[in-house]
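The values are calculated or read from the model by the stated rules, or taken from the named source; none is laboratory data. Quick caveat: nothing in here was measured; it's all calculated off a predicted structure. We place every Cβ from the backbone using ideal geometry, glycine too, and count neighbours over all the protein chains shown. The accessibility values were calculated without ligands, DNA or RNA, using every heavy atom of the protein model including side chains. Shrake-Rupley method; radii C 1.70, N 1.55, O 1.52, S 1.80 Å.
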Amino acid sequence: MPITEPNPADYRSTLRAPEDFDAFWAATLAQAREFPLDARFAPAWRRAVEVHDVTFAGFGGQPVKAWLALPAGTDRPLPCVVEYPGYGGGRGLPHECLLYAAAGYAHLFMDVRGQGSGWRHGDTPDPAGGAPQHPGFMTRGVLDPHEHYYRRVITDAVRAVAAARAFPLVDAARVAVTGESQGGGLALAAGALVPDLAAVLPDVPFLCDHRRGAELATAGPYREVAAYLAVHREHEQQVFRTLSYCDGVLFAARATAPALFSVAHMDASCPPSTVYAAYHRYAGPKRIEVYPFNGHEGGQAVQAAARLDFLDGIFAR
């Protein structure tokens, strides 16, 4: 059921970064760069839009899948939108995500390792194992930030930007990142870890202020954290320390590209105050679209139109 928070826009997170937060991510990405990106693009589907089947080396050199779509017959480099899926979803089929290509942009849609069986097809396994976890992905490796699932996924998200830039018809100077829910959290991470993006567009972002999310959410994956701690009571401090390394609030404080956020005030999965927590910390120019009577679906097609308008202004510069 929907939740209501009084004055969620007034919330300010008190979350502080672990002392080694920046060093942790610098070392993680340096380790990833030891593996050749090996971005490969194979034609997969062609109508008015052509789609390429993409494989690139993500965390640990492990293969990650994606689709790259762009208008058929393009003969010049285009601005590119790199998109990340929501929780449980994958890259889907090649014809499922054509909005940005229809608008005249290149569009790389990344698969998320181990997901893609909840609501959209996925093709990328997560080879890593781990200690006992609550069903889902949030608590996979949650007792050690080096083993946590989202260390691998965030590294993949950063490498996806590099893969998009490796395609000859992508303008490497004009690349934006976006996504809804989990995808919005990954966009914030990429916004912090890739310093030269054109824009960041997180919609109803997940992975922001994990403790508050676990305390307030009545649906969705924050509940996995609460359920895990209901059993593993002794691990509360370590769990939230590990989760802080993938927290969108801390990434937002390190991201400077122009940003368009969205928030839904009846969101039971990503309580609106968690979205505002990241928004208020965001270090670059920003604005937010607010949907007072929507749940986690957010603005849907209305927000999609807002994203296109925003990107038109960014990419025209």
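Each row is one residue, and each column tells you yes or no for (1) open to solvent by less than 30 Å² (accessible area, probe 1.4 Å); (2) of a type in the set (Lys, Arg); (3) more than 13 Å from PRO168 (Cα to Cα); (4) in contact with a strand residue (DSSP E or B) (Cβ under 8 Å, 6 or more places away or on another chain).
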position	(1), (2), (3), (4)
PHE35	no, no, yes, yes
ARG46	no, yes, yes, no
ALA72	no, no, yes, yes
ARG76	no, yes, no, no
VAL81	yes, no, yes, yes
TYR87	no, no, yes, no
ALA102	no, no, yes, yes
MET110	yes, no, yes, yes
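Test LEU29 against the stated conditions and say whether it is of a type in the set (A, V, I, L, M), assigned to a loop (DSSP other than H, G, I, E, B) and either surrounded by 14 or more Cβ atoms within 10 Å (Cβ to Cβ) or touching a Lys or Arg at 6+ places or on another chain (Cβ under 9 Å) (or both).
no
Among the residues that make up the stretch 52-65, is at least one of them of a type outside the set (Phe, Trp, Tyr), at pLDDT 95 or above and in a loop (DSSP other than H, G, I, E, B)?
yes
Assess whether PRO272 counts as being in contact with a strand residue (DSSP E or B) (Cβ under 8 Å, 6 or more places away or on another chain), over 14 Å from SER181 (Cα atoms) and in contact (Cβ under 8 Å) with a residue 12 or more places away in the chain.
no
Quickly run through the stretch 174-198 and pick out the residues that are open to solvent by less than 10 Å² (accessible area, probe 1.4 Å), more than 10 Å from the chain's Cα centre (by Cα) and within 14 Å of THR256 (Cβ to Cβ).
Answer for the stretch 174-198, where residues must be open to solvent by less than 10 Å² (accessible area, probe 1.4 Å), more than 10 Å from the chain's Cα centre (by Cα) and within 14 Å of THR256 (Cβ to Cβ): just ALA176.
Does the stretch 142-164 hold any residues that are assigned to a loop (DSSP other than H, G, I, E, B) and open to solvent by 10 Å² or more (accessible area, probe 1.4 Å), and which are they?
Those that are assigned to a loop (DSSP other than H, G, I, E, B) and open to solvent by 10 Å² or more (accessible area, probe 1.4 Å): LEU143, ASP144, PRO145, HIS146, GLU147.
Only residues in the stretch 1-16 that are at pLDDT 95 or above count as the first member; pair them with residues that are of a type in the set (Phe, Trp, Tyr), Cβ under 6 angstrom, at least 6 apart or cross-chain, and list the lot.
PRO8/TYR276; ALA9/TYR276; TYR11/TYR276
Could you list, in sequence order, all residues of the stretch 264-314 that are open to solvent by 10 Å² or more (accessible area, probe 1.4 Å), among the aliphatic types (A, V, I, L, M) and under 29 Å from CYS80 (Cβ atoms)?
Listed by number, the residues that qualify are ALA283, ILE288, VAL290, ALA301, VAL302, ALA304, ALA305, ALA306, LEU308, ILE314.
Out of all the residues in the stretch 237-246, is one or more at pLDDT 95 or above, outside any helix (DSSP H, G or I) and closer than 30 Å to ARG307 by Cβ?
Yes, there is a match, as at least one residue in the stretch 237-246 is at pLDDT 95 or above, outside any helix (DSSP H, G or I) and closer than 30 Å to ARG307 by Cβ.
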